[in-house]
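Q: Take this structure first; my questions come after.
The values are calculated or read from the model by the stated rules, or taken from the named source; none is laboratory data. Keep in mind the model is a prediction, meaning the values are calculated, not measured. Neighbour counts run over all protein chains shown; Cβ positions are idealised from the backbone, glycine included.
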């Protein structure tokens, strides 16, 4: 018998890929128009200090959906398998009687022990996570339904990646911010939203769970008109950075390979020799913001559907991002770095019956592993002990637990088991020690490496991330304290899947990891 739950308790879980938190609150907020998400914030609770616990896409989503730190699920790279028996939001929602509908992707690399070697599931890192019912396949490197839609609409392209190249309206050489070959009504964002809206009306009579995952504003940076030219590049603030890339590389040995690996040219199709001039960088930033506004438009359509269909009042809506994006800050692009811009993400949750806290903005430190436990507790499903995150329901209700965390913890793996990365080649690290941990408390950020590399320490009361103070004698005690705190955090959060279970004469008995 499934656990009893209130009737028509729905969950819509939206992930926007690579959306920086400061598009909503911070440096870029006043330069980008996101009216629908901002309106939603007034009906929900926003978490201002929310961080992804790992990057990039596959690992970050593995952590979000399993509620586990990367050190426990170990799907630490795009293409690194996730163990097939790992509990996740879909497997647990099924136990609660829900069909976990997936509109989009989870970027999950499947466990080869659970499949025949010839199974197509082992040919892509973008496979759906176990337990999900894939309603609409929408993957960055495949997207067959969307490709078919474009073909049916008469768009002509030789291969799939040509879809991501800007096209000159005059037929000449394209510019960086020329529009995509498809119209806005045929974009990947529009196609996915239409699929959701076309599917969901018949589900209104039952409780449902839907995971809606938007690819944008993830690169390649190309947008359909009018979003491609919505923002004037000259009006945007320049990235936050030191004067020259060489100065950034000199901050720590980690940054040299990073600056060579992820470049502005790698973020757009058709411009392999793109120079990172201020004009080009600002143009790419403007296209990124245009893509964010496009997503906002379609999020507004989804919220309007819930309201018009009478389902908004009994639907928990969770909106977040899998990770952030450097967007030229520190002369870097992407998310394979240590800075907050790559890990700091929005988290906005509207919980039915919580209207007295609508519009609240919280500064408690939260992590991406908290989202799944929050959803499970709200629908009345037990949270497995394997999940490292904690339910945010008390915070949503304005009752912060006295033992709430005082720091966040993130990880990054920069290795490749088959072909050594630039980091491995230049730093002499191995596939096992090419990783780092990041601990952020109220004042400091500590970055520690598994390999024999110097730590980094940033002081928010000083120059913040613009200065690594780890080598300064005045910070020796802070460095020692935070290093011990990180070690204790890892020790306390080692895999709890079965560690709180005992086999007794009366059978297995266990206790919950986080008693209510």
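Q: What are the pairs, 6+ residues apart or on separate chains, where a residue within segment 44-62 that is without any contact (Cβ under 8 Å) to a residue 24 or more places away in the chain and at positive phi has its Cβ under 7 Å from a residue that is in a strand (DSSP E or B) and surrounded by 24 or more Cβ atoms within 10 Å (Cβ to Cβ)?
A: Short answer, once both residue conditions are applied: none.
Q: Of all residues in segment 478-496, count the ones that are in contact with a helix residue (DSSP H, G or I) (Cβ under 7 Å, 6 or more places away or on another chain) and farther than 20 Å from residue 514 by Cβ.
A: Total meeting the criteria: 0.
Q: Continuing with this model, one more query. Checking the structure you have, find out if any residue of segment 452-467 is closer than 21 Å to residue 253 by Cα, crowded, with 16+ Cβ neighbours inside 10 Å, more than 26 Å from the chain's Cα centre (by Cα) and at pLDDT 95 or above.
A: For segment 452-467, residues closer than 21 Å to residue 253 by Cα, crowded, with 16+ Cβ neighbours inside 10 Å, more than 26 Å from the chain's Cα centre (by Cα) and at pLDDT 95 or above: present.
Q: Follow-up question, since we're still on this one. Name every residue in segment 459-504 that is more than 30 Å from residue 66 (Cα to Cα) and part of a strand (DSSP E or B), in order of residue number.
A: Of everything in segment 459-504, those that are more than 30 Å from residue 66 (Cα to Cα) and part of a strand (DSSP E or B) turn out to be 459, 464.
Q: Next up: Residue check, residue 257 against (1) surrounded by fewer than 22 Cβ atoms within 10 Å (Cβ to Cβ); (2) under 22 Å from the mean Cα position of the chain (by Cα); (3) over 30 Å from residue 103 (Cα atoms), all met but one. Which one?
A: Single failed check for residue 257: (2).
Q: Tell me yes or no: at least one residue of segment 335-344 is in contact with a helix residue (DSSP H, G or I) (Cβ under 6 Å, 6 or more places away or on another chain), surrounded by fewer than 24 Cβ atoms within 10 Å (Cβ to Cβ), within 22 Å of residue 36 (Cβ to Cβ) and modelled with pLDDT of 95 or more.
A: yes
Q: Still on this structure, please answer the following. Being touching a strand residue (DSSP E or B) at 6+ places or on another chain (Cβ under 6 Å), touching a residue at least 60 places away in the same chain (Cβ under 8 Å) and either assigned to a helix (DSSP H, G or I) or over 28 Å from residue 146 (Cβ atoms) (or both) is the requirement here; does residue 299 meet it?
A: Numbers: touching a strand residue (DSSP E or B) at 6+ places or on another chain (Cβ under 6 Å): no; touching a residue at least 60 places away in the same chain (Cβ under 8 Å): yes; either assigned to a helix (DSSP H, G or I) or over 28 Å from residue 146 (Cβ atoms) (or both): yes.
Answer is no for this residue.
Q: Considering only segment 157-190, state which residues are farther than 25 Å from residue 286 by Cα and in contact with a helix residue (DSSP H, G or I) (Cβ under 9 Å, 6 or more places away or on another chain). Working first, answer last.
A: Step one: list which residues in segment 157-190 are farther than 25 Å from residue 286 by Cα, which gives 157-159.
The one that is farther than 25 Å from residue 286 by Cα and in contact with a helix residue (DSSP H, G or I) (Cβ under 9 Å, 6 or more places away or on another chain): 157.
Q: Give 323, 357 a once-over and let me know the one that is in contact (Cβ under 8 Å) with a residue 12 or more places away in the chain and closer than 30 Å to residue 415 by Cβ. First the steps, then the outcome.
A: Values: 357 fails: closer than 30 Å to residue 415 by Cβ.
323 is the lone residue from the list that is in contact (Cβ under 8 Å) with a residue 12 or more places away in the chain and closer than 30 Å to residue 415 by Cβ.
Q: How many of the residues making up segment 196-215 are part of a helix (DSSP H, G or I) and under 26 Å from residue 374 (Cβ atoms)? Step through it out loud before you land on a result.
A: Initially, segment 196-215 is screened for residues part of a helix (DSSP H, G or I), giving 196-205.
Then keep just the ones that are under 26 Å from residue 374 (Cβ atoms); that gives 196-197, 199-200, 203-205.
Total meeting the criteria: 7.
Q: Restricting the search to segment 371-383, which residues are out of contact with any helix residue (DSSP H, G or I) (no Cβ under 6 Å at 6 or more places or on another chain) and surrounded by fewer than 23 Cβ atoms within 10 Å (Cβ to Cβ)?
A: Once the filter is applied, which keeps residues that are out of contact with any helix residue (DSSP H, G or I) (no Cβ under 6 Å at 6 or more places or on another chain) and surrounded by fewer than 23 Cβ atoms within 10 Å (Cβ to Cβ), segment 371-383 yields 378, 379, 380, 382.
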